[in-house]
Amino acid sequence: MKKTTTLFTISLIFFLSQLTAQAIYFPPAGNWQEKSASEYNYNFSEAVEFAKSNEYSESRDLRQAILKGFQREPYHQLLGPTKRRGGPAGLILKDGYIVAKWGDTRRVDMTFSVTKSFLSTTALIARDKNLITGFDEPVINYVWDDTFEGEHNSRITWENLLHQNSDWSGQLWGGFDWADRPPGDQTIDEWRSRELHEPGTHFKYNDVRVNVLAYSLLNVFRKPLPKVLKDEIMDPINASQSWRWFGYENSWTTIDGLKMQSVSGGGHSGGGIFINTEDMARFGLLFMNNGKWEGEKLISEDLITNAVQASTTNSNYGYMWWLNSEGSRNMENIDSDIFYAAGFGGNFIIVDQKNTMVIVTRWLEPSKLEKFLNLVYNKN
């Protein structure tokens, strides 16, 4: 009798776990079921109208917007492709279902630094596959050309690169680390001769160093990162075939006798991921569900947990995901547990695991994000 009861209990637990897992809807390729927001006691009409009427204020000609946005950086130039953007677009998911949408959600556009969250995901894949045995290891153990040579660079770990606190010093694809978003009160000579910070002690948002991470991961996988992302993430989540991930015209290297492009972590100098709104939402849904898609583990849950923990140098930054914890970027009326990918021009993927929601908004004036989310959650 005891054995029968135990088997029944195990079966019940399994049934309930399967029932819970099936509560999230995972859209098949090329299709997405919609539900009315009212089924969940939400009304997103005001939020949608706000997003549509608060379009990013700079030019839809992104070449001009980029050059204007980074005009004070010495030697800045466009090295990767760009694309004229569309208008405001977005999706709100609840339990995986579309409960609100606006604009052309299948238009492919640049996504700028949202790319960084895709890039860090390839690092999680490398860790899951044990290609990297620990993010606390020095990257020089894996990348043994001169990229990490020297007393300073040789101490940089994978986690330093993921947290953007490596203070890597050097030049990659013609870009100097010191020339990326330099302080406004210093001269070029002062930027060049600055004192380096110990790796892991100073946060600096820096695209050259992000590109160093992409190059390092290319050396680990020994195949292009877009191929890794496609095979391991985008195809399993039934994404479209329309997204692309670009590097620069000069970011080519040879690995195992094959010429490969090292991709960029954003569109700062062109390139990065070009993608539609629906594919961004699928990616967000995967993270909302802790790395599982229809019961299949694509990313380990513990790695996602680590990816959205605050670094010691920036309470609002994890592994290239922004956090809403206490800090300079805190949105005080919004739940502290959300995390989000953010890109130039107002591109956002907001992941809300607590409420099983994903919110994607594109070409929203960046300063309006908090107000938009207040309207989504009906907060004053």
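The values are calculated or read from the model by the stated rules, or taken from the named source; none is laboratory data. None of these values were measured; they are calculated from a predicted model. Every residue, glycine as well, gets a Cβ built from its backbone with ideal geometry; the counts of neighbours run over all protein chains shown.
What single numbered condition from (1) modelled with pLDDT under 95; (2) polar (S, T, N, Q); (3) in contact with a strand residue (DSSP E or B) (Cβ under 8 Å, 6 or more places away or on another chain) fails to hold for S325?
Single failed check for S325: (3).
Does A281 meet the test of being buried (at least 19 other Cβ atoms within 10 Å of the Cβ) and either in contact with a Pro (Cβ under 8 Å, 6 or more places away or on another chain) or not basic (K, R) (or both)? Outline the logic, then answer.
Values: buried (at least 19 other Cβ atoms within 10 Å of the Cβ): yes; either in contact with a Pro (Cβ under 8 Å, 6 or more places away or on another chain) or not basic (K, R) (or both): yes.
Criteria met by A281.
Can you spot a residue in region 97-119 that is surrounded by fewer than 19 Cβ atoms within 10 Å (Cβ to Cβ), in contact with a helix residue (DSSP H, G or I) (Cβ under 8 Å, 6 or more places away or on another chain) and modelled with pLDDT under 95?
no
Within region 261-357, considering only strands (runs of 3 or more DSSP E) that don't extend past its boundaries, which have at least 1 residues that are among the acidic types (D, E)?
Values: elements: 272-275, 339-343, 347-352.
Hits in region 261-357: 347-352.
V308 passes all but one of (1) surrounded by 17 or more Cβ atoms within 10 Å (Cβ to Cβ); (2) touching a residue at least 60 places away in the same chain (Cβ under 8 Å); (3) within 24 Å of I350 (Cβ to Cβ); which number fails?
So the condition that V308 fails would be (2).
Here are some residues: S166, S154. Which one is under 26 Å from R127 (Cα atoms), without any contact (Cβ under 8 Å) to a residue 60 or more places away in the chain and part of a helix (DSSP H, G or I)?
From the options S166, S154, the qualifying one is S154.
Is it true that some residue in region 211-223 is of a type in the set (A, V, I, L, M, F, W, C) and assigned to a strand (DSSP E or B)? Let's see the steps before the verdict.
Of region 211-223, the ones of a type in the set (A, V, I, L, M, F, W, C) are 212-214, 217-218, 220-221.
From what is left, the residues that are assigned to a strand (DSSP E or B) are none.
Checked region 211-223: no residue is of a type in the set (A, V, I, L, M, F, W, C) and assigned to a strand (DSSP E or B).
Being β-branched (V, I, T), assigned to a helix (DSSP H, G or I) and either in contact with a Gly (Cβ under 6 Å, 6 or more places away or on another chain) or within 21 Å of G272 (Cα to Cα) (or both) is true for just one of T147, T121. Which residue is that? Steps first, please.
Details: T147 fails: either in contact with a Gly (Cβ under 6 Å, 6 or more places away or on another chain) or within 21 Å of G272 (Cα to Cα) (or both).
Going through T147, T121 in turn, the sole match is T121.
Looking at region 133-148 only, could you name the residues that are of a type in the set (D, E) and either surrounded by 13 or more Cβ atoms within 10 Å (Cβ to Cβ) or farther than 21 Å from T201 by Cβ (or both)?
Step one: list which residues in region 133-148 are of a type in the set (D, E), which gives 136-137, 145-146.
Answer for region 133-148, where residues must be of a type in the set (D, E) and either surrounded by 13 or more Cβ atoms within 10 Å (Cβ to Cβ) or farther than 21 Å from T201 by Cβ (or both): E137, D145, D146.
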